[in-house]
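Student: The structure's right below; bear with me while I get my questions together.
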Amino acid sequence: MGESSRGTWPIYRRLLGYTRSYLPLLGVAVVAMALDALCTGGFAALTRPLLDEALLGRDFEMIARMPIWIVAIFLGRGLGSFVADYCMAATGRSVIRDLRQQVFEKYLTLPTSYFDQTSHGQMISRLTFNVEQVAEATTSAITIVVRDTLYVIAFLLVMLSQSVKLTLFTLVIAPLIAGVIAVVSRRFRRLSKNIQDTMGDVTQRTSEVVSGHKVVKMYSGQQVEAERFSRVNANNRRQHLKLVATKSGSTSIVQLLAGFTLAVIVYLATRESMLDDITPGAFTAFMTAMLAILPSLKKLTNVHVLIQRGVAAADTLFELLDGPQEALGEGQALDQVTGRIAFSDVSLNYNGGESVLKGISFEAEPGTVTALVGRSGSGKTSLVSLIPRFYERSAGSIMLDGVDIRAIELQSLRQKIALVSQDIVLFDDTIAANIAYANPAMQGETDEGLKRAIEAAARQANAMEFIEQLPDGLNTRLGEGGIQLSGGQRQRLAIARAILKDAPILILDEATSALDTESERLIQAALEDIMRSRTTLVIAHRLSTVENADQVLVLDQGQIIERGSHATLLAQGGQYTELHRLQFVDGQRR
Ligand SMILES: Nc1ncnc2c1ncn2[C@@H]1O[C@H](COP(=O)(O)OP(=O)(O)O)[C@@H](O)[C@H]1O
Ligand SMILES: [Mg+2]
């Protein structure tokens, strides 16, 4: 992974590919840079007539023309650098936008297991920090390479026009400079990768503390967190400084080489034999051009820092972009389904670990309710998450209406399922938009029909009762800066969302766990209405929900250990009876 497996150039070439759509902009930028370089070089060349003809020769025509030349040159430079900067920035920002969009869209298709395994801070940092660095590498590097190379060429031409001999000598140091660059270059990519990772750590620590601020307060974790952050923070600083040290070190060596060359040139130019060939103006023009080359050389020697940094960032992004994703759009699209689900000998192990589910077989008919019960960690959530294919089963088969769910197009499969999961996610939007999440009719003006459907769903989920109390009713904003809801209120919105989806399969994973008995009873009544026409799987916390189920599956350590109706299971006196007894005692205590 990373450094050794992929070369710098293939990655960089792929990166440059992102600028392809903006070639006209780049073309304009290059022309503007050429104008800039021409004028800058012209200014250095101007010192010769200025000295030899205007000042020493007292050529009045030249004296009169000089101010005009100077203004013209600076006009050209100003125009050139403005247009070049603007066009390059436009290209860079476009590349950032394109790449960011691409990465974001990739996030939308990543398999669930990817999210389990990757820190969310790293994922956010990639989208923000890495993407910016990549664009830096493309546009800033292009700018430097093109503009400063043109400068160097312009100045070299000025130098050549003044003295070929001195210029040739100057060029002797070029290979030395190249050598320095090659040596330090390798170090940069590794350091840059470290910096990006430490940036991800900073983001991760921050996002955990921000979302877990109450836990931090309750357990007085401030000190622990501050210390942990300070380590991450210090590491980030250390990696940055290492990079700076390497960068400045190489600059200094290059500068030293240049200074040495300069000394030798002054020595050579002042030899008797040379003094005859070279006028004071020519020597000044030569020196001006040579000194003006130095900043450009410095930038060119450092451009690989930018490139390496971008390549390190791009490497991570390309690895992500090339990585696995859910196969949306493959398989057969389903139109109407009755919703018959059949598990046969299904097992699951997450990421090659131990089996979490073993030999699960059962059938769930349309219009029936299947209840899953069992201790926490027994595999209930894992079992239902196989149906929308959040995870792929390791063995066995799962059929929907007699079709293997693997052969069904993912989106079409998921459209058939309404799932209320254990952890409820509400988006930073209005209550109505949350209930009608991703409903195409929600775009723009909400139509009357949908409004009524949203309200009906909210009413069935027993949510209207509290929504009506809110200042803006269904149009109240949720999320950060908006209104905060209780656990039970959130669950009711999630249930309303599932009701509105109106799918043939309904899965409720402890969907009413945060509700009081009264609310639960009300929702239960509404749900029973809905369940009549669909296949329902319900993971129940409270056994009262289970009593009316058509079949009850008791899970233990990933296996179905008991099955039957509430009454038959109770009569068996097994684990279900035990669970029921605990629940009953627990229920009485409340
Ligand atoms: N995303 C996951 N990756 C790896 N292991 C998991 C994941 N989700 C659950 N598990 C493991 O699977 C087992 C069953 O968990 P789960 O299905 O959530 O149980 P339940 O819903 O019955 O409480 C647990 O041992 C848990 O550690
Ligand atoms: Mg669970």
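Student: Add -39500 (n - 2.57) for each DSSP H run of 4 or more in the chain, then divide by its residues: what number comes out at 222 nm, to the nearest 500 deg cm²/dmol?
Tutor: Numbers: 22 runs with 353 residues, N = 590.
The per-residue figure over the chain is -20000 deg cm²/dmol.
Student: What does the charge add up to near Gly377, with Lys and Arg as +1, Asp and Glu as -1, over the other residues with Cβ less than 15 Å from its Cβ? Intermediate values should be presented prior to the final figure.
Tutor: On the way: positive: Lys358, Arg375, Lys380; negative: Glu354, Asp509, Glu510, Asp556.
Result for the local shell: -1.
Student: Right, next: Quote the charge dipole size of the range 292-333 about the Cα centre in Debye, to the nearest 20; the model charges only the Cβ of Lys and Arg (+1) and of Asp and Glu (-1).
Tutor: Dipole about the Cα centre, nearest 20: 600 debye.
Student: Let me ask you something else. Can you give the Kirkwood hydrodynamic radius for the range 8-322, in Å, rounded to one decimal and based on Cα pairs?
Tutor: Values: mean 1/r = 0.0439 Å⁻¹.
Across the range 8-322, the inverse of the average 1/r is 22.8 Å.
Student: Right, next: Kindly give the semi-axes, whole Å and largest first, of the ellipsoid equivalent to the range 1-145, taking each as the square root of 5 times a Cα gyration tensor eigenvalue.
Tutor: On the way: eigenvalues 491, 41, 26 Å².
Rounded to whole Å, the semi-axes are 50, 14, 11.
Student: Count of lysine pairs in the chain with Cα atoms under 21 Å apart, counting only pairs 8 or more residues apart in sequence or on different chains?
Tutor: The number of close lysine pairs in the chain is 10.
Student: Hey, what do the phi angles of the range 343-351 turn into as Karplus ³J(HN,Hα) couplings, whole Hz, using 6.51/-1.76/1.60 and θ = phi - 60°, x for Gly and Pro?
Tutor: 9, 9, 6, 7, 10, 9, 10, 5, 6
Student: Under a 5 Å amide H to amide H cut-off, with H placed in plane at 1.01 Å, what residues pair with Ile561 once short-range neighbours are removed?
Tutor: Here the answer is Val554, Leu555, Asp556, since their amide H atoms fall under 5 Å of that of Ile561.
Student: So who's got an amide H within less than 5 Å of the one on Ile483, skipping anything under 5 residues away but keeping other chains? H placed 1.01 Å off N, in plane.
Tutor: It is Arg477, Leu478, by chain and number.
Student: If the chain between Arg14 and Thr149 were fully stretched, how many nm would it gain, using 0.36 nm times the residue separation less the Cα-Cα distance? Numbers along the way, then the final one.
Tutor: Details: separation 135, 0.36 × 135 = 48.60 nm, distance 2.26 nm.
Between Arg14 and Thr149, full extension yields an extra 46.3 nm.
Student: Which length gain, in nm to one decimal place, applies between Asp345 and Ala263 when the Cα-Cα distance is subtracted from 0.36 nm times their residue separation?
Tutor: Full extension of this stretch gives 21.1 nm more.
Student: Quick check on the chain: what are the equivalent-ellipsoid semi-axes from the Cα gyration tensor, as sqrt(5λ), descending, whole Å? Intermediate values should be presented prior to the final figure.
Tutor: Values: eigenvalues 1024, 128, 93 Å².
Each semi-axis is the square root of five times an eigenvalue, giving 72, 25, 22 Å.
Student: Can you compute 3J(HN,Hα) from phi for each residue in the range 377-382, using the Karplus curve 6.51 cos²θ - 1.76 cosθ + 1.60 with θ = phi - 60°, rounded to whole Hz and x for Gly and Pro?
Tutor: Karplus-based 3J(HN,Hα) across the range 377-382 equals x, 7, x, 5, 4, 4 Hz.
Student: Counting alpha carbon pairs within less than 8 Å and at least 6 residues apart, what relative contact order, in whole percent, applies to the chain?
Tutor: Working: 825 pairs, mean separation 88.2, N = 590.
Over the chain, the number comes to 15 percent.
Student: With θ set to phi - 60° and the Karplus curve 6.51 cos²θ - 1.76 cosθ + 1.60, what are the ³J(HN,Hα) couplings of the range 508-523 in order, to the nearest whole Hz, using x for Gly and Pro?
Tutor: 10, 9, 6, 6, 10, 4, 9, 9, 6, 4, 5, 4, 4, 5, 5, 5
Student: Enumerate the amide H contacts of Ile507 below 5 Å, restricted to partners 5 or more residues apart or on another chain; note that Pro and chain-start residues carry no placed amide H.
Tutor: The list, which skips near neighbours in sequence, is Ala418, Leu419, Val420, Leu537.
Student: Out of the DSSP beta bridges found with both residues in the chain, what percent are antiparallel (nearest 5)? Could the numbers behind the result be given before it?
Tutor: Details: 19 of 39 bridges.
Bridges in the chain that DSSP calls antiparallel: roughly 50 percent.
Since every read-out is calculated from the coordinates, none of them should be taken as a lab result. Every value quoted in this text rests on a predicted model; they were computed, and no experiment measured them. Positions of Cβ are backbone-derived with ideal geometry, glycine not excepted, and every protein chain shown enters the neighbour counts.
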